[in-house]
Amino acid sequence: MKGRLLFVVAWAVFVGVAASAQKSYLGFDKNGYPGDDLLPALHRTFAFTGYWLNDPPGMESNPWAGKRAVVRAAGFGFALLFNGRLDKDLRGKDAAALGAADGDLAAAAAGREGFPQRAVIFLDQEEGGRLLPEQAAYLGAWFAAVVKRGFQAGIYCPGIAVPDGKSTVSTAQDVQARYPGVKLWVAEDQCPPAAGCVARAASPAGSGFSEAAIWQFAQSPRSQFASGCGKSYAADGNCYAPGVEHSARSFLDLNASGSADPSGGR
């Protein structure tokens, strides 16, 4: 009986450790700030949020600037984002110099917002496929500058493989091969592996990258790759936070992470 009891206890401990290791947290990101008043309702579903350090894509100002204390007080962890440059903005220029300058700006913005040293800053790389030479130069210099300033380097990038000669490659694959150690935030909303606009946390490894820090598995508006789970999105094609009135403030992208604070920004 004593031996059996010890076995049961050991098994319970093993199961508990395994469950803990597999725990996943749900997060959201969006370019526009949802508003201070909406944060408590969002926190009922989400553990962390994306947080822009400069102007989000398509915007001429940053509505997240100065909001760290409010977001933190609402209970959220952080996934810090810095909007990088498109290839058209790098061609014919000193891409490495631009990357170094932007890395310094990202680190300075993180410090100005009160984020701690060693926090992970994710560079937003929207364009997919194998990196072009100027893109690689920009990214490498950006990563180095961020690390030199005392932060950790990460990247938000597509995980969907696209044609590359006789094979296929995704940006995430290329970055992982070129820059080992850079944290990956993988955008992969194909259905499957993604389940669509379903507010249920999943393992970031479901993105196809076992070491991914974050998996973005649904976007607003729904992309062409998510047509297989289109019914999970709203009629307008957006993904909305559950239990919140549909509006421009409440549509968002869904993310999963093994941490409730993927950037270590709290």
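The values are calculated or read from the model by the stated rules, or taken from the named source; none is laboratory data. Note that this is a predicted model, so its numbers are computed, not measured. Here the Cβ is made from the backbone with ideal geometry for all residues, glycine too, and neighbour counts use every protein chain on show.
Summary of values
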| item | result |
| --- | --- |
| Residues satisfying the stated conditions in the stretch 60-72, i.e. in contact with an Asp or Glu (Cβ under 6 Å, 6 or more places away or on another chain) and in contact (Cβ under 8 Å) with a residue 60 or more places away in the chain | R68 |
| Sole exception among (1) more than 20 Å from the chain's Cα centre (by Cα); (2) surrounded by fewer than 23 Cβ atoms within 10 Å (Cβ to Cβ); (3) under 20 Å from V182 (Cβ atoms); (4) not β-branched (V, I, T) for A95, by number | (2) |
| The stretch 33-59: number of residues that are more than 23 Å from A213 (Cα to Cα) and touching a residue at least 60 places away in the same chain (Cβ under 8 Å) | 4 |
| Verdict on D89 being closer than 24 Å to N238 by Cβ and surrounded by fewer than 19 Cβ atoms within 10 Å (Cβ to Cβ) | no |
| Candidates G243, G264, G237, filtered to the one that is surrounded by fewer than 21 Cβ atoms within 10 Å (Cβ to Cβ), among the small types (G, A, S), modelled with pLDDT under 95 and part of a loop (DSSP other than H, G, I, E, B) | G243 |
| Among (1) of a type outside the set (A, V, I, L, M); (2) crowded, with 19+ Cβ neighbours inside 10 Å; (3) under 24 Å from A248 (Cα atoms) - the single one S223 does not satisfy | (2) |
| Extreme residue, surrounded by the fewest Cβ atoms within 10 Å (Cβ to Cβ), among residues of the stretch 153-183 that are in contact with a Ser or Thr (Cβ under 8 Å, 6 or more places away or on another chain) and not aliphatic (A, V, I, L, M) | P158 |
